[in-house]
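The values are calculated or read from the model by the stated rules, or taken from the named source; none is laboratory data. It should be emphasised that the depicted structure is a prediction, and the values quoted were computed from it without experimental measurement. Note: ideal-geometry Cβ built from the backbone for every residue, glycine included; neighbour counts use all protein chains shown. For the accessible areas, the whole protein counts, side chains as well, though only heavy atoms, and no ligand, DNA or RNA atoms are used. Shrake-Rupley method; radii C 1.70, N 1.55, O 1.52, S 1.80 Å.
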Amino acid sequence: MSTTTHNPQLNKHGELVHLLSTEGLPRDILTHILDTASSFVSVSDREVKKVPLLRGKSVFNLFFENSTRTRTTFEIAATRLSADVINLDIARSSTAKGESLLDTIANLSAMAADIFVVRHGESGAPYLIAQHVAPHVHVINAGDGRHAHPTQGLLDMYTIRHYKRDFSNLTVAIVGDVLHSRVARSDIHALLTLGCAEVRVVGPRTLVPGDLAEMGVRVFNQLEEGLKGCDVVIMLRLQNERMSGALLPSSQEFFKRYGLTPERLALAKPDAIVMHPGPINRGVEIDSAVVDGRQSVILPQVTFGIAVRMAVMGIVAGTVRQAQPQPQGMSA
C-alpha cells in the first residue's frame, strides 16, 4: 500500500492525532482548531481557570532546545485542561548521557505518557517520534530546527482572524529573517491554506529562501515597498543563533534597512496590525514605539496562544469532537 499521500498527522478517518506542521493540513482542520480555541479564550477570565478535558492524562514537555515562553504557555494550557504536566530537564537527562532519542521516548511512554510536546534543534525530530509512539500517544511539535512551529503559526492565524475576521481580502507581510524562521514557514502554509489574498515576504536577499515565489508568495527586498497597503505585518526575530557565516553586516545595519519604525508602518493601511512571535529584540527588528503602539497586538498573541494550544491538545487527544465544526467566521 502506498503511503506517499498519507499525512502522518491524520488517522485513517482524517482526524488530527499529531500536530507536526501546518503544511498539508486541510482547511477545515485549521478552521476547527481556530473555532475550538475561541471557546477556550474565556477560560482565562474565570475564577477557576480549568476545564476537565484532559483530566487523568499526562502531558510531557520535552524541550531539547530552550524556550521559556513556549514551554510555559504549553504548561499553562495543559494545566487548564486539568492534565498532569511533566517538564523534563533534557540537558541533564539520559539523552545528554548518550541514550538515543527513541530510547528516551520509549522509557517515557512506559510511564504512561499521553501527549509529548517536543521542541528540538533538528528538523524532523517530532516526525520521527510520531512514527514510533503507540496509537494512543500524541505528538505536538513545539518547534523543530528551521522546519516548523505549527502552534505559533496557528496562534498567529487566530490573532489575524480575531482582528480582521476574514482572510480572503488580506495582504500579509512577513518581515525579516525568513531563511532561519520556522514561524515564517508555518505562517505561510497556514495563510495560503486559509485563502489569504496576498502573502508577502520582505527581507535581505541573504535571509530570504529562493523557493518562495513557487509557493505563490511575493518577495520584496525593500521594506518600504513590501509594507505598502498591508493589513497585517508580522515581524520576525533575528535568528543570530542559527546563522552561519556573514549573512548580515550588523544588527544596527539590519534595523536601518528593515527595522519597523512608526514612519515605515505608516506605509501600511491605517488599521494594520503588527505581530511578532517573540522574544522581541527592540531596536533590532522593531522600534519600541511600534511594540508599545496602538497597532501592536503582540501581547494579545500570547494570550491567544494559550487558548490555541488548549485547542490542539484537546483535539489530538480526542476529547474535543473532530466532526465537522459549526461554521464560525470562516468555513472550509
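Residue pairs whose Cβ atoms lie under 8 Å apart, separated by 6 or more positions or on different chains, with the first residue in region 214-237 and touching a residue at least 12 places away in the same chain (Cβ under 8 Å) and within 21 Å of GLY283 (Cα to Cα) and the second among the small types (Gly, Ala, Ser) and in a strand (DSSP E or B), are GLY226/ALA173; LEU227/ALA173; VAL232/ALA173; VAL233/ALA173; ILE234/ALA173.
Examine region 279-294 for a residue that is touching a Gly at 6+ places or on another chain (Cβ under 7 Å), outside any helix (DSSP H, G or I) and under 24 Å from SER168 (Cβ atoms), and state whether such a residue exists. Taking every residue of region 279-294 in turn, none turns out to be touching a Gly at 6+ places or on another chain (Cβ under 7 Å), outside any helix (DSSP H, G or I) and under 24 Å from SER168 (Cβ atoms). In the set (1) at pLDDT below 95; (2) more than 25 Å from GLN239 (Cα to Cα), GLU122 fails one condition alone, (2).
Considering region 31-129, the qualifying strands (runs of 3 or more DSSP E), each wholly inside and each with 1 or more residues that are surrounded by fewer than 19 Cβ atoms within 10 Å (Cβ to Cβ) and not polar (S, T, N, Q), run over 84-88.
Could you tell me whether any residue of region 303-318 is over 30 Å from VAL133 (Cα atoms), surrounded by fewer than 21 Cβ atoms within 10 Å (Cβ to Cβ) and without any contact (Cβ under 8 Å) to a residue 12 or more places away in the chain? Show your work before the answer.
From region 303-318, those over 30 Å from VAL133 (Cα atoms) are 303; that's our starting set.
Okay, now just the ones that are also surrounded by fewer than 21 Cβ atoms within 10 Å (Cβ to Cβ), so 303.
Those still in the list that are without any contact (Cβ under 8 Å) to a residue 12 or more places away in the chain too: none.
No, region 303-318 contains no residue that is over 30 Å from VAL133 (Cα atoms), surrounded by fewer than 21 Cβ atoms within 10 Å (Cβ to Cβ) and without any contact (Cβ under 8 Å) to a residue 12 or more places away in the chain.
Taking the conditions exactly as written (open to solvent by less than 30 Å² (accessible area, probe 1.4 Å) and either closer than 18 Å to ASN66 by Cβ or of a type in the set (S, T, N, Q) (or both)), does VAL137 satisfy them or not? In short, no.
I'm checking my understanding of the structure. Among residues of region 14-30 that are assigned to a loop (DSSP other than H, G, I, E, B) and over 15 Å from MET313 (Cβ atoms), which one is most open to solvent (accessible area, probe 1.4 Å)?
Selected residue: GLU23.
With respect to the conditions (1) under 24 Å from the mean Cα position of the chain (by Cα); (2) assigned to a loop (DSSP other than H, G, I, E, B), LYS269 lacks only one, and its number is (1). The condition of being free of Cβ contacts under 8 Å to residues at least 24 places away in the same chain and either in contact with a Lys or Arg (Cβ under 9 Å, 6 or more places away or on another chain) or more than 24 Å from LEU34 (Cα to Cα) (or both) holds for only one of GLU263, GLU285, that being GLU263.
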